[in-house]
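These notes concern the structure reproduced below.
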Amino acid sequence: MTDARGALRPLYAQASGSPIRAMLALAGRDGMISLAGGHPDPALLPADWLRESLLEVAGQLQGRSLQYGATEGLTALREASAALLQQRGLAAQAGDVLITTGSQQAIDLLARVLVEPGEGVALESFNYPAALQAFRFAGARLVEVPTDAQGMDVDQLEPILQADRPRVLYVVPNFANPTGAVMPLSRRLRLLELAARYGVTLIEDDPYGELWFDEAPPPSLAQLNQQAGSPAQIAYMTSYSKVVAPALRLGVLLAPAEITRGVVLAKQAADVHSGSLEQLTMAAMLASGRLLPHLADLRPAYAAKGATLDQALRAHCGGMLEFDAPRGGMFIWAKLSAALPLLPTQAWVDFGLQHQVLVVPGAAFSVSNNPQPWLRLSFANPTPITLRQGAERLGGGLRELVTNT
């Protein structure tokens, strides 16, 4: 091993970047259709609401507003975020809440404070790539739990907890990325029971829970845990990115006091505190009372887009993809027909360039990064017309793969 000063640690030197982020550069090419990134529809981002709040904040700026702030977050946003969590059924006070630079930072900080190098983190076999990356950079040993149409297969979890003794379990129970699965109530209750029995800390990531279409998901693990008075340890996080605007880069963490204290210390070393102007703006937006009406507009808009892609895929990719209609969130998780070859991620990038339609292969979400018979297709960002065109291009490309196999 090289002993040269300045050399990167092997974890970073040998790591690959996110294939989804890499596709962003391709998505901007003329004529390209992207079903890859899980980005909100820019037409649904509340620009007027945000602009009005920015002007309100700008009109009240004073010297103190431009100073350093508390690592835990500005009081006004912590109070508003606690009220939001209360609306979700959680017992939360402003002093319990930590504001992070997006929920991605919360994942990274929790990985740093909860996991020693070599310790296990249990998670679904298909998962959010940036979470996998954060746990890997913390030196964690990733422990796969099988996944089905209802999310983590909790029935197969106990032998894994017994054999691998993971320290932490990361889960996205609502409209998970990439599978779109919603964990049913019975599994949530069983998961809490197992977490308490085996002393596993649960990291519950909930960025999509408010984007339900016909029916709200079951109560969060954190809410169920509080209601039951369970001894299970849960760090619950959510984000303003999917329901307000990614540009603000703000997330919310609610965790037991000792975990929060560790995260605050790690955040002090990472960025001291999240941007105060962004926090002031978000606090002003929430104070306006417009979030709930905004969510009431988002849900049917994304439901219509999900239905559009669902119908277009059935029309143009019939027999080559198997999938369920989306119930919320931003994704369709489609299984490839056995007639189609298993391709590595780069081959799917090449496919996208050739057919002018970007999709994310299952390998990008797998712990092993091996080729998988799955595609994640996002309906959130493109227009309905573009979704139909993308499905048509995808179908044509898949038929070519079948013919050439």
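The table for this structure:
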item	result
Residue under evaluation Pro382, criteria (1) more than 19 Å from Met330 (Cβ to Cβ); (2) at pLDDT 95 or above, criterion not met	(1)
Of the criteria (1) part of a helix (DSSP H, G or I); (2) free of Cβ contacts under 8 Å to residues at least 12 places away in the same chain; (3) over 23 Å from Ala181 (Cβ atoms), which one Leu61 fails	(1)
Output for region 243-256, where each listed residue is touching a residue at least 12 places away in the same chain (Cβ under 8 Å) and aliphatic (A, V, I, L, M)	Val243, Val244, Ala245, Leu248, Leu250, Val252, Leu253, Leu254, Ala255
Scope region 338-355; condition closer than 16 Å to Ser366 by Cα and either over 26 Å from the mean Cα position of the chain (by Cα) or not in a helix (DSSP H, G or I) (or both); matching residues	Leu342, Leu343, Pro344
Residues that are buried (at least 19 other Cβ atoms within 10 Å of the Cβ), in contact with a helix residue (DSSP H, G or I) (Cβ under 7 Å, 6 or more places away or on another chain) and assigned to a loop (DSSP other than H, G, I, E, B), drawn from region 219-232	Ala232
Test: Ala106 is over 17 Å from Tyr240 (Cα atoms) and in contact (Cβ under 8 Å) with a residue 12 or more places away in the chain	no
First in region 210-229 and within 19 Å of Val252 (Cβ to Cβ), second anywhere and of a type in the set (Asp, Glu), Cβ under 8 Å, 6 or more apart	Ser220/Glu204; Ser220/Asp206; Leu221/Glu204; Ala222/Glu204
When residues of region 258-291 are limited to those that are part of a helix (DSSP H, G or I) and free of Cβ contacts under 8 Å to residues at least 60 places away in the same chain, the one surrounded by the most Cβ atoms within 10 Å (Cβ to Cβ)	Glu278
Count - residues of region 312-337 that are in a loop (DSSP other than H, G, I, E, B) and at pLDDT 95 or above	10
Verdict on Arg188 being in contact with a helix residue (DSSP H, G or I) (Cβ under 6 Å, 6 or more places away or on another chain) and not in a loop (DSSP other than H, G, I, E, B)	yes
Matching residues, region 235-257, being part of a helix (DSSP H, G or I) and surrounded by fewer than 21 Cβ atoms within 10 Å (Cβ to Cβ)	Pro246, Ala247, Ala257
Filter result for Val367 (under 17 Å from Pro40 (Cα atoms), among the hydrophobic types (A, V, I, L, M, F, W, C) and in contact (Cβ under 8 Å) with a residue 12 or more places away in the chain)	no
Residue in region 52-62 that is acidic (Asp, Glu), under 24 Å from the mean Cα position of the chain (by Cα) and surrounded by 12 or more Cβ atoms within 10 Å (Cβ to Cβ) present	no
Output for region 195-208, where each listed residue is touching a residue at least 60 places away in the same chain (Cβ under 8 Å) and surrounded by 24 or more Cβ atoms within 10 Å (Cβ to Cβ)	Ile203, Asp205, Pro207, Tyr208
First in region 295-316 and without any contact (Cβ under 8 Å) to a residue 24 or more places away in the chain and farther than 12 Å from Leu394 by Cβ, second anywhere and surrounded by fewer than 14 Cβ atoms within 10 Å (Cβ to Cβ) and basic (Lys, Arg), Cβ under 7 Å, 6 or more apart	none
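The values are calculated or read from the model by the stated rules, or taken from the named source; none is laboratory data. Not measured: the values here are computed from a predicted model. With ideal geometry, Cβ positions are generated from the backbone for all residues, glycine too; neighbour counts draw on all protein chains shown.
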